[in-house]
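Notes follow the structure.
The values are calculated or read from the model by the stated rules, or taken from the named source; none is laboratory data. Because the structure is predicted, anything quoted here is derived from the model rather than measured. Note that each Cβ is placed from the backbone with ideal geometry, even for glycine, and that neighbours are counted across all protein chains shown. Accessible surface areas use protein heavy atoms only, side chains included; no ligands, DNA or RNA. Shrake-Rupley method; radii C 1.70, N 1.55, O 1.52, S 1.80 Å.
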2 protein chains.
Amino acid sequence: MKTFQEMSRQELEELRSALEVQFEEVKGEGLKLDMSRGKPAPEQLDTAMPLMDVLNSESLLQTEGGVDCRNYGIMDGIPEMKRLMAEMLDTKPENVIVDGNASLSLMFDTVSHSMTHGVCGSTPWCKLDKVKFLCPAPGYDRHFKVTEYFGIEMITIPMTKDGPDMDLVEKYVREDALVKGIWCVPKYSNPQGYTYSDETVRRFAALEPAAEDFRIYWDNAYCIHDLYDDKRDELLEILSACEEAGHPDLAFEFASTSKISFAGAGVSAVASSARNLEWMKSAMTIQTIGPDKINQLRHVRYYKDKAGLKAQMSKNSALIRPKFELVIETLERELGGLGIGSWTNPLGGYFISFDALEGCAKAIVAKCKEGGMVLTGAGATYPYGKDPKDSNIRIAPSYPSLAEMKEATRLFVLCVKLVSIGKLLEEMA
Amino acid sequence: MKTFQEMSRQELEELRSALEVQFEEVKGEGLKLDMSRGKPAPEQLDTAMPLMDVLNSESLLQTEGGVDCRNYGIMDGIPEMKRLMAEMLDTKPENVIVDGNASLSLMFDTVSHSMTHGVCGSTPWCKLDKVKFLCPAPGYDRHFKVTEYFGIEMITIPMTKDGPDMDLVEKYVREDALVKGIWCVPKYSNPQGYTYSDETVRRFAALEPAAEDFRIYWDNAYCIHDLYDDKRDELLEILSACEEAGHPDLAFEFASTSKISFAGAGVSAVASSARNLEWMKSAMTIQTIGPDKINQLRHVRYYKDKAGLKAQMSKNSALIRPKFELVIETLERELGGLGIGSWTNPLGGYFISFDALEGCAKAIVAKCKEGGMVLTGAGATYPYGKDPKDSNIRIAPSYPSLAEMKEATRLFVLCVKLVSIGKLLEEMA
C-alpha cells in the first residue's frame, strides 16, 4: 500500500474525486453528530439510575456519626464519603475534602484563592506582575481556560507516552519562581489516554521548586476509568510519593464521580496534605456553610466502597469500550499505513487523540462540521486554543450511540483523507 | 414596678443573691442548648421529606425542554427552576441564574470575581489600594466575614426599623468612589427582623454611586419566610425599582430554598439585570460545567410554583412561630419594664434581636454558656465582630425544640438580669 505522500498528483486527484462523491453522499444524509465533549451517553447514565432509589422519605438522612445531612454543617464533607473517595484515590480519609458536584469548581476556586490570598501564606498572585503555569499539551481545554481567565501565562510542555517532558518541567520549576503550578491529568490523560510512568510520578514528587507556592494540579479524573477489566494502566499514588520525597505539600489531587455516577450530579473531592487542606478550608469556611450532604449520602450508601465504584465502572466501560474499539478499528482499517495521521489507543479514559498532518486539524474539524458532526474545536487541547502545528484533534467516543459512532468515524476518516490530499496537492503546486 | 436603675444597691444585691441561687439550679441541670445559628429544627426538615420521593429510578430526569439532568450542561440552571425562583422573587425568569446549594457561595464568588476581574469591565478590586463596603448593623455575620476575608474595609451603617440609615448610605455612595457595595437583608433582616420600607427600597434604587462598579448585595434570604399567614411584611421588589429609577444594573439579589426545603441541600439563585448576569456567567462558564440539575428538578417537580413554596412555608412557620412567641412572651414577662433590655418582635425570618445595657452583651453570652447554652458570639452581628456598644445579642429560636426553648429563654433572662445587676452595681461603686 502506498502512503499518500508516495502518490502522484494524478492519483491524489482521482482519489479526491471519488472521496468527494462519498462525502456528498454522507452530507446528504443530514447527520447531526456530536463528538465534542467527554459526556457519558444516556445508556451509560441509565446504569446509575438505582442511585435514585437509595434515599426516600423514609430514610434516616444521617451520617454514621448521627449528623443530619438535611441541615447546615460539615463544611468538608461527610466522613463516610471522605472514606469512599480516599479508597478510590488510594489515600487516607483525613487527606480528603468532599465537595459539591464539580471538581472543576474546586480547581477554579483553588486558583482563585491563590490569586486573592496566596497559597498557604505566600504572596497573593494578584500582587505579582506575572504568574506562570506549565501546561502539558495536548491537554484538557478547561484547565487552560481557568489559567487563561486569571491572566496566568501558560507554557506548553510537550507530552510523551510517559507523561510530560520531565526534563523541561524540572528546568522550569527549578529555575523560574514565577512558575506556580502545572496542570496534570496523570491517568488516561485528556486527550491522549497516556498514563504517567512511575518514574514520571517520582520525578514530580521530587521537584524542587524555586517558588514555595508552586503546586501540582493533579486532576485524577480517570482514576478508575479503565476500559478493560484484564488490562489497565497503573498510576503511582502521588500524595504518598510526595511525602516520601519530603515534599508533602507539593500536590493537590482532584477527582469526582462525574464520570462514574451522573456527570452533572456527582460528588467532587480534593486530596492533599494537612497543611494544604487547612489553607483550602480557610477559604471554604467563608465561602460556604457546607456542600450538599444528601447527595454525598446517596452516593456512599449506594456504592459503599471501591468495589462498588468499580462495579459501576464495569457497567460503564461495557458501553464505552465498543465505541473506542470501533473508532480504533476504523482508523486502522481506513487510515493505517497512509501516512496522514496517527492516533492513540488508550486502555481507559474518555478520549482518543488524533494527530493529522501539520496544518490540517482545523480544516478537518471544519470539514466534519460541514458533513454534520461537531468535534472539539481544533486547537482546544493547547493553551490559548492554539495548536502550533494545527495537528491535534480530540475524539470523544463516549456520547454517541454505537450506530452513530459508525457514521461519525466513517465521516471522520473521509474528512481526514480529503483534507490531507488537499494539503499534499497544495505542497506539490 | 421599678426599673433596675431605680433600685437601691441593697435591693439589687438582694435580687442578685436570689437570682444566683436560681442560676446555680439551672446550671446544675447540665443543659446543652444551642441557639447560635439560624438552623431549621429536625421536625421542620421532616415536613420537607416528601421531596425525597419525587424522583426515583423510574423518573425521566429531563427538563421540560428535554435536556438530560443527569448529564453535563445548562450552566445557569434548568428553565423550570428559574421560573420557580423568579416567581418566589417576583421577578422574571430571564433575570435569574439558578445554582448549587448555597447562596452564600454565590455572594462569595461575586465578590471574588470582582476582586480578580472587576465588575462588568471595571478595574479589578485587587488592583485598587482600598475597597469599602457599607455594612448595615446589626447584620449577618457571614456577610461581614466575606468582606473581611477579602480585606475590604467595612463601614458600619446604623439600622432603623425602616432599614439602613439612608441619609448615611446616600452620602457614602455618592461621595466615595471606593465604596463598591452594601450588604442588605431587606426582608426580616438578620438579626432584627426589620423589613425595609418602600421609601428605603426606592432610595436604594435611586442611588447615584460615585463608583460605576458599586452594587447592592440584596440578600433576600427571608423573602417568603413569614411567621403568620394573616400578617406579614411586604417588601418592594428591588430589580424593577432599580429599572424604574434608570439604574437596572444596581443590584444583585440572592436567595435560596435553604430555609424552605433542606438547609444543606436546597437550591440557590441570583437575580439581576441582563448585563450583570452576563458578567457573572463569564466567570461561571470557566468555573463550572453546571450545577446539580437533578436537585433542581426534584425541587421544581415537588414545589411546582410559588403556592407550593408557600404551602411548605406554612408548615415551617407552624413549627417556628410558637418558639418565637415563647421567647417574646418570656422576655415581656420577665424583662418588661425593667429597663435592662429591648428586643424586636418580627413577623418573619429566623431571629430576634436583643439589645442589652451597654457593655453587657459579651458577659451575658458568657454567662449563658456557663449555664449550658451557646448563643451567637456577642459582636458577631457587627463588622469585624466588634459591637461598639457591646449590647446586641442575636437570638435564634428555630433549632431547639419548644421544651428546650422554654429552658433556654428562662436561662437567658436570668443571665440578662444577673449581668445587668453586676453592671449597675459597678457603676454605683
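Residues whose amide H falls under 5 Å from that of B:LEU33, counting only those 5 or more places apart or on a different chain, are B:MET373, B:VAL374, with hydrogens built in the peptide plane.
Between A:ASP129 and A:LYS310, the contour length at 0.36 nm per residue exceeds the alpha carbon distance by 60.6 nm.
Near A:LYS389, which lysines are there with a Cα under 16 Å away, not counting those fewer than 8 places off in the same chain? Leaving aside lysines fewer than 8 places away in the same chain, those within reach of A:LYS389 are A:LYS362, A:LYS423. Projecting 7 Å from Cα along the Cα-to-Cβ direction, the label point of A:SER57 sits 2.1 nm from its equivalents in the other copies, listed shortest first.
According to the calculation over all Cα-Cα pairs in the range B:202-279, the P(r) per 10 Å bin from zero is 17, 42, 30, 11, 0 %.
Partner shielding of A:262-273 amounts to 4, given as the average count of beta-carbon atoms from other chains within 10 Å of each residue beta-carbon.
Mind running the shape call on the range A:7-53? Use the C-alpha gyration tensor, a ≥ b ≥ c as the square roots of the eigenvalues: rounded below 1.5 for a/c, prolate if a/b tops b/c, oblate otherwise. In terms of gyration-tensor shape, prolate. Under 20 Å from a label point set 7 Å out along the Cα-to-Cβ vector of A:TYR228, the amide N atoms of the range A:321-338 belong to A:321-333.
Using a 7 Å projection from Cα along Cα-to-Cβ, the label point at A:ALA429 is separated from the same position in the remaining copies by 9.9 nm, smallest value first. Shape class of chain B from the alpha-carbon gyration tensor: oblate, with a/c at 1.5 or above and b/c at least as large as a/b. Taking the DSSP bridge list for the range B:94-203 and keeping only pairs wholly inside it, about 20 percent are antiparallel. Across the range A:424-429, coupling constants 3J(HN,Hα) worked out from phi with the 6.51/-1.76/1.60 Karplus curve, θ = phi - 60°, read 5, 5, 4, 5, 6, 5 Hz, and Gly and Pro carry x.
Separation of the range B:355-429 from the range B:1-57 is 10 Å, based on Cα centroids. For the cross-link pairs A:LYS369/A:LYS406; B:LYS2/B:LYS417; B:LYS39/B:LYS259; B:LYS132/B:LYS171; A:LYS82/A:LYS231, the ones whose C-alpha atoms lie over 19 Å apart are A:LYS82/A:LYS231.
Taking a ≥ b ≥ c as the square roots of the eigenvalues of the Cα gyration tensor, the range A:125-166 is oblate, since a/c reaches 1.5 or more and a/b is not larger than b/c. Heavy-atom accessible area with a 1.4 Å probe sorts B:ASP292, A:ASP162, largest first, into A:ASP162, B:ASP292. Across all directions, the shadow cast by the convex hull of the range B:158-243 built on its C-alpha atoms averages 5.6 square nanometres. Considering only chain B, the C-beta nearest to the rotation axis that sends B to A is found at B:CYS126, 2, the distance in whole Å. Projected onto its three principal axes, the C-alpha set of the protein assembly as shown covers 115, 60, 55 Å, listed from the longest axis down. Remark: the protein assembly as shown carries 37 Å² of accessible area per residue (probe radius 1.4 Å; ligands, DNA and RNA excluded). To the nearest 10 degrees, how steeply does helix A:274-287 sit against the main Cα axis of chain A, on a 0 to 90 scale? It is inclined by approximately 90 degrees. Counting Lys and Arg as +1 and Asp and Glu as -1, what is the net charge of the other residues whose Cβ lies under 13 Å from the Cβ of A:GLU334? That sum, taken over residues with Cβ under 13 Å, equals +2. Proximity of backbone amide H atoms, modeled 1.01 Å from N, is registered between A:ASN71 and B:GLY264 at under 5 Å, excluding neighbours fewer than 5 places apart on the same chain. Rounded to a whole number, what % of the accessible area of the range B:80-194 do carbon and sulfur atoms account for, probe 1.4 Å? Heavy-atom surface of the range B:80-194 belonging to carbon and sulfur, 1.4 Å probe: 45 percent.
For the residues B:ARG333, A:ARG142, a 1.4 Å probe over the protein chains yields an accessible-area ranking, largest first, of B:ARG333, A:ARG142.
The alpha-carbon positions of the range A:1-159 define a convex hull whose volume is 269 Å³ per residue. Each other copy places its own label point for A:GLU20 at 10.4 nm from this one, sorted shortest first, where the point lies 7 Å along the Cα-to-beta carbon line. Shown in residue order for the range A:328-335 are the 3J(HN,Hα) couplings computed by the Karplus curve 6.51 cos²θ - 1.76 cosθ + 1.60 at θ = phi - 60°: 4, 4, 5, 4, 5, 5, 8, 10 Hz (x for Gly and Pro).
Rounded to the nearest 100, the interface formed by chains B and A buries 4800 square angstrom of accessible surface, both chains summed, with a 1.4 Å probe. Among the residues of the range A:100-136, those with an accessible-area drop of 20 Å² or more from chain alone to full protein complex, heavy atoms and 1.4 Å probe, are A:ASN101, A:LEU104, A:SER105, A:PHE108, A:SER112, A:HIS113, A:THR116, A:HIS117, A:CYS126, A:LYS127. Adding -39500 (n - 2.57) for every DSSP H run of four residues or longer, then dividing by how many residues the protein assembly as shown holds, sets the calculated 222 nm ellipticity at -13000 deg cm²/dmol.
Using θ = phi - 60° in the Karplus curve 6.51 cos²θ - 1.76 cosθ + 1.60, the 3J(HN,Hα) couplings for the range A:84-92 round to 5, 5, 5, 4, 4, 9, 6, 9, 9 Hz; x is entered for Gly and Pro. If you line up the long axis of helix A:103-117 against the longest principal axis of chain A, both from Cα atoms, how many degrees apart are they, to the nearest 10? With rounding to tens, the tilt is 70 degrees.
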